[in-house]
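Working notes for the structure below.
The values are calculated or read from the model by the stated rules, or taken from the named source; none is laboratory data. These figures come from a predicted structure and were not determined experimentally. Cβ coordinates were reconstructed from backbone atoms using ideal geometry, including for glycine residues, and neighbour counts include every protein chain displayed. Side chains are part of the model used for accessible areas, which takes the heavy atoms of the whole protein and leaves out ligands, DNA and RNA. Shrake-Rupley method; radii C 1.70, N 1.55, O 1.52, S 1.80 Å.
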Amino acid sequence: MTFNDGNEVYRAFMNKLAQCNVDEYVDLPMIAVMGDTSSGKSSLLSMISMVELPSNDKLTTRCPIRLQMRKSESKSATVKVIWKDLPEGSYVDFVPKEVTEANWDDLTSFISEAQTHIVTKQ
């Protein structure tokens, strides 16, 4: 087993724990970024993840975001809205957006669409 294989096993295990709502009983490892309005939270996450997050006074601070990252030969992402109280796959009228290297420049706008969806459904 290589180092990366071990990371994938760990990531799959963490995902399974989260799906089973273990995070209600045990604190799972995460990074949380908090601060005043316009203090650079999105910029910090963008620098760490190398994903340009939308920066909008009305949306950014009101919408939690979860980035799951893994080392890969190519860039790819899925932008989706998951409601904690609904089972996986319940996207509440938001169709998940697939992003590849070919449309990577659309990632920020897809995240912004998801944030808008969250704000309008609350």
Legend entry - Residues of region 69-99 satisfying the condition of being open to solvent by 70 Å² or more (accessible area, probe 1.4 Å), modelled with pLDDT of 85 or more, over 24 Å from Asn21 (Cα atoms) and charged (D, E, K, R): Glu73, Lys75, Glu98
Inset, instruction - Quickly run through region 25-55 and pick out the residues that are in a loop (DSSP other than H, G, I, E, B), open to solvent by 100 Å² or more (accessible area, probe 1.4 Å) and free of Cβ contacts under 8 Å to residues at least 40 places away in the same chain. - result: Tyr25, Asp27, Met30, Ile31, Met34, Asp36, Thr37, Met50, Ser55
